[in-house]
Structures are given as C-alpha cells and as structure tokens.
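Have a look at the structure below, then the notes.
The values are calculated or read from the model by the stated rules, or taken from the named source; none is laboratory data. These numbers come from a predicted model, not from an experiment. Ideal geometry is used to build each Cβ from the backbone, glycine not excepted, and the neighbour counts take in all protein chains shown. To get the accessible areas, we keep the full protein, side chains included, count just its heavy atoms, and leave off ligands, DNA and RNA. Shrake-Rupley method; radii C 1.70, N 1.55, O 1.52, S 1.80 Å.
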Amino acid sequence: MSIVKVNLNENSYDVLIEKGCFERAEKELNLNRKVLIVSDDGVPKEYAERLLKKCKYGIKAVFKQGEAHKTLCTMQKLFSLMLKNNFTRKDCVIALGGGVTGDLAGFTASCYMRGIDFYNIPTTVLSCVDSSVGGKTAVNFDNVKNIIGAFWQPKKVLIDVNLLKTLPARQISNGLAEALKMALTFDRELFELFKTSDPVEQLEIIILRSVELKARVVEQDEKEAGLRKVLNFGHTIGHGLELSSGGKLYHGECVALGMLCMTGKEIRNELITVLNKLKLPVSCKFNEEKVCSAVMHDKKSSGDVISTVFVKHPGEYEMKDSTLEQLKERLKIIKK
C-alpha cells in the first residue's frame, strides 16, 4: 500500500494506491450519507453495482462515454437527479471512471449547493496517473475543451490497479502518454524506465511515481498560476488535434503527438522509440485550420501569443511564448 499526501492546507487529501482498496471503499470513504455515483457506459457495470452496495443511500448515474458528452447538458441531468433525491450539502459525489467522468463529476460537485464533497475512483490509466489528482474539473462548451470549470479538490482518491484489468491495450498506452509527459518534464529516471523496460509491466511503479510528481506540483501551484502550467506539455497542440480528429484519436495519443512537436532534436528520436514501444502515434493526418482554431481558443493563449512548454532534455523544461505561425511550423514534425 502507498499513500501520497497532497498538502493543500484545508483542502489536503490522501491518494491511496493499493490493489484491492476498491473492495473496502466503505472503510476508506464516508459513504454513510447520500452518494451520487457518476460513471459512463464504458466502465464495467459491475463496478458501480459493487460500490452501490457499500453506500447507505446510493444513486447511480451513467452517461454516454466520450468527450462529446462532457457538457453542461449532462451536468444538468445530474443536478436534476440530485434535486429529485433531496441531496444536501452533507452528501457527496463519486467519480467512478476515467478523466471525462472525473472532470464532469468533480465540476458537478463544485457547483451543487456551492460545493459538496467529491471522491475520485479512477478506472483508466490516464486518470490514475494524472487527472484524478489535482482538482481540475470542467466541461466542454462550444467545441472548446474544458473552457468552463473550477478547481475543486477531491476529499480522497482511491487507485486500485485491479480496476484496470479490463482495459484494452490502446487505453493503457493512452494513459501512459500522460505519465511520459511527467517523466519528460520532471523526472529523468522515470523517462529511463520507459526507455529500458516494458512500461506495462511497470504500471504500478509508474502510477505511484506520476502521482507523487503531480502532488508536488499541485502543492506548489494549486490554481495553475505558474509551475502547474508545465503539466500542459504536449496539450496545446494535443487539444487541437483531439478536437479536429472528431474522436478518432484518444487524448493521450494527441498529447503524445503534441509532445513530439515540442521537443528538441536531441531527444526526439528517443521519444519516438518510446512512443513506438507503447504503440502511440508519431504522425497523423489533420486539418491544419481546425487544429489552429482550437489552439487559439485554448486557455493558454493570450492574444496572438500562446504559452507553450518545450523540452530539450529529459527532466528539464522551458516555458516559451509561441506565435501561431511558429506552432504551424512545428506541426510539420507530425504531418503524415
């Protein structure tokens, strides 16, 4: 068992990483109240059913899988369900799923009655290594990703790798792209682990190390005023690719492509080797106009300048202001 403490004064919480911890969720979380379990139809049904049995008064809400359903419309349905069942400020929301579920459930919890308790139980590698920790919650609006949201920290996070057993290989690689992001920006040794071993066989170690890194960053910069912006490495172009692909490419796959665009020549070949090992894309077809439009609507842009993260050497990063023309030039690196 590993416990990573996220120290944020009154918003501090533990991230418990242990095989089997899901089976004793009632001992780790306060379920002696009304609980809204939010999941999507891509998560095995049995997970929510097992969790419901542990709740004093549990309600299950399942929405359609995918970014297209992370909307205010879906939130409204959750609010209606909570009102219908007389949820109060003393009750809670549990996100049982991947990053989309965590974003949606967390934002819903932050808004209902001006904020109620929220727990995260990630069921994808991506949400384990990244999105379940840190309190960034949001929905998409007018084809802009995560443009409406709030910082709302969970009360606790349970990471049980047994819940990852049903994931297809593509989803595992999708999540490992976010861990690779952490390695490239903050941890040279973790990048070496990706290079020299089979990352899938080292999954528990990679999850733990990624959570530790994310926790330290969030502790120093909870609201993304400085250091936390580094976690956007690969995301500026990645978000553009994700939106323009219409769901054909997963989030982590787009981040992998975005990272390739923002690395120096010295390590790009090493990164390509790792991406090939993970069966992540190193090039793709895309509509440049759609990608650039999404980039300019990104939260990290300011006027004609976009704040980007650039990596020349593993474990080191550089913040750069880039113009759209400069990013267009970098897109050529991944153009198929």
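Of SER283, LEU193, GLY246, whose Cα points farthest to the positive end of the dipole of the chain (charges on the beta-carbon: +1 Lys, Arg; -1 Asp, Glu; origin at the Cα centre)?
The listed residue farthest towards the positive side: GLY246.
So what's Rg/Rh here for the range 58-186, counting alpha carbon atoms and using the Kirkwood radius for Rh?
Rounded to two decimals, Rg/Rh equals 0.97.
Compute the distance in nm between two label points, each set 7 Å from the Cα along the Cα-to-Cβ direction, one at GLU289 and one at GLU49.
Placing both labels 7 Å along Cα→Cβ, they lie 5.0 nm apart.
Charges only on Cβ, +1 for Lys and Arg, -1 for Asp and Glu: so what's the dipole of the range 263-336 about the Cα centre, in debye to the nearest 20?
In total the dipole reaches around 440 debye.
Angle between the Cα long axis of helix 99-111 and the longest principal axis of the chain, 0 to 90 degrees, nearest 10?
The angle comes out at about 50 degrees.
Per DSSP H run of n ≥ 4, the term is -39500 (n - 2.57); total these for the chain, divide by its residue number, and report the mean residue ellipticity at 222 nm rounded to 500 deg cm²/dmol.
-12000 deg cm²/dmol
If you put +1 on each Lys and Arg Cβ and -1 on each Asp and Glu Cβ, how big is the dipole of the range 213-336 around its Cα centre, in Debye rounded to 20?
Computed about the Cα centre, the dipole is about 460 debye.
Let's test the formula: R0 of 30 Å, r as the Cβ-Cβ distance of THR166 and ARG216. What FRET efficiency results, to the nearest 0.05?
Working: r = 31 Å, r/R0 = 1.03.
Between THR166 and ARG216 the formula returns 0.45.
Can you compute the FRET efficiency between LYS27 and LYS5 using 1/(1 + (r/R0)^6), with r the Cβ-Cβ distance and R0 = 22 Å? Round to the nearest 0.05.
0.75
Across the range 154-165, in residue order, what do the Karplus-derived ³J(HN,Hα) couplings come to in whole Hz, using 6.51 cos²θ - 1.76 cosθ + 1.60 with θ = phi - 60° and x for Gly and Pro?
Values per residue, Gly and Pro as x: x, 7, 6, 10, 10, 10, 10, 5, 5, 6, 8, 5 Hz.
Which residue, ILE333, VAL218, VAL133, has the largest displacement toward the positive end of the dipole of the chain when charges sit on each Cβ (Lys, Arg +1; Asp, Glu -1)?
Of the candidates, VAL133 comes out farthest on the positive side.
Quick one: angle between helix 169-186 and the longest Cα principal axis of the chain, in degrees between 0 and 90, rounded to 10, please.
Rounded to the nearest ten degrees, it is 70.
What do you get for Rg/Rh over the chain if you use C-alpha atoms and the Kirkwood form of Rh?
For the chain, the value is 0.95.
Could you look at the chain and say what percent of its accessible area is carbon and sulfur, using a 1.4 Å probe and all protein chains?
49 percent
Whole angstrom only: what separates the Cα centroid of the range 6-59 from the Cα centroid of the range 99-162?
Result: 13 Å between the Cα centres.
For the range 85-161, rounded, prolate or oblate, judged on the Cα gyration tensor with a ≥ b ≥ c (square roots of eigenvalues), a/c < 1.5 rounded, else prolate if a/b > b/c? Kindly include the intermediate steps, with their values, before the conclusion.
Working: a/c = 1.99, a/b = 1.10, b/c = 1.81.
It is oblate, given that a/c is not under 1.5 and a/b is not larger than b/c.
Can you compute the FRET efficiency between GLU189 and ASN276 using 1/(1 + (r/R0)^6), with r the Cβ-Cβ distance and R0 = 22 Å? Round to the nearest 0.05.
0.55
Rank these by accessible area, largest first, 1.4 Å probe: HIS313, HIS235, HIS251.
Values: HIS313 75, HIS235 15, HIS251 35 Å².
The ordering from most to least exposed comes out as HIS313, HIS251, HIS235.
If Lys and Arg each add +1 and Asp and Glu each add -1, what is the summed charge of the other residues whose beta carbon sits under 13 Å from the beta carbon of ARG24?
+1
Per residue, what accessible area does the chain have, given a 1.4 Å probe and all protein chains present, in Å²?
Heavy-atom SASA per residue in the chain reads 44 Å².
Counting pairwise Cα distances across the range 134-194, what percent come out greater than 18 angstrom? Kindly include the intermediate steps, with their values, before the conclusion.
Values: 1147 of 1830 pairs.
Roughly 63 percent, rounded to a whole number.
What would the Debye formula give as log10 I(q)/I(0) at q = 0.10, 0.15, 0.17 Å⁻¹ for the alpha-carbon point model of the range 167-310, no solvent?
Log10 of I(q)/I(0), two decimals: -0.33, -0.76, -0.98.
Rg and Dmax of the range 48-103 over Cα atoms: what are they, in angstrom?
Answer for the range 48-103, Rg first and Dmax second: 11.8, 32 Å.
I need the peptides 314-320, 195-201, 226-232 ranked by packing, meaning the mean over residues of other C-beta atoms within 10 angstrom, with the highest value on top. Walk me through the numbers on the way to the answer.
On the way: 314-320: 15.7, 195-201: 13.1, 226-232: 18.1.
Highest-to-lowest ranking by the protection proxy: 226-232, 314-320, 195-201.
Going from most exposed to least, what order do LYS45, LYS155, LYS70 have by accessible area with a 1.4 Å probe?
From most accessible down to least: LYS45, LYS155, LYS70.
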